[in-house]
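Before any comments, here is the structure.
The values are calculated or read from the model by the stated rules, or taken from the named source; none is laboratory data. No experiment lies behind these values; they were computed from the predicted model shown. Quick reminder, even Gly has a Cβ in these numbers, built from the backbone with ideal geometry, and neighbours come from all protein chains shown.
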Amino acid sequence: MFAGVALTVSGPLSILQGVTGIASDTMFSPPHYAYRFDLTSWGWIHLVIGVGLFIAGIGVLLHKAWGRGAGIALAGISVVTQFMFVPYYPVWSIIMMVFDLLILWTLARTAHPGARSAH
């Protein structure tokens, strides 16, 4: 339940981050480093990942078979993109990385509903 709710919160937060990057290029300060993209590109990246996180969260909450795997994959991708975005907006990126890591930990730790108990 936590992972599903967290995904449905993380998704819209990433969507808002993406919309901000697309609409207002001056919101974030562009540093000079290896992963430098145009801020509009970063906005689209966060927007697409945010939509995916939200859909995966709905899948987890509805106990769909694909929800857990999609949630793990998308939260992992989100951690990497937030890490790459740290120079642009450090505090927000670190908070989102922690949130995504909690989602990953919860989904990876939770037993699959069809799995048998080892007892």
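Brief remarks follow.
This table checks each residue for (1) under 11 Å from Ser10 (Cβ atoms); (2) at pLDDT 95 or above; (3) buried (at least 19 other Cβ atoms within 10 Å of the Cβ); (4) among the β-branched types (Val, Ile, Thr).
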residue: Gly52; (1), (2), (3), (4): yes, yes, yes, no
residue: Ile58; (1), (2), (3), (4): no, yes, no, yes
residue: Lys64; (1), (2), (3), (4): no, no, no, no
residue: Gly67; (1), (2), (3), (4): no, no, yes, no
residue: Gln82; (1), (2), (3), (4): yes, no, yes, no
residue: Ile95; (1), (2), (3), (4): yes, no, no, yes
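- Exclusive hit being at pLDDT 90 or above and surrounded by 14 or more Cβ atoms within 10 Å (Cβ to Cβ), set Gly21, Gly43, Gly71: Gly71
- Qualifying residue in region 37-45 (condition: more than 15 Å from Val19 (Cα to Cα) and not charged (D, E, K, R)): yes
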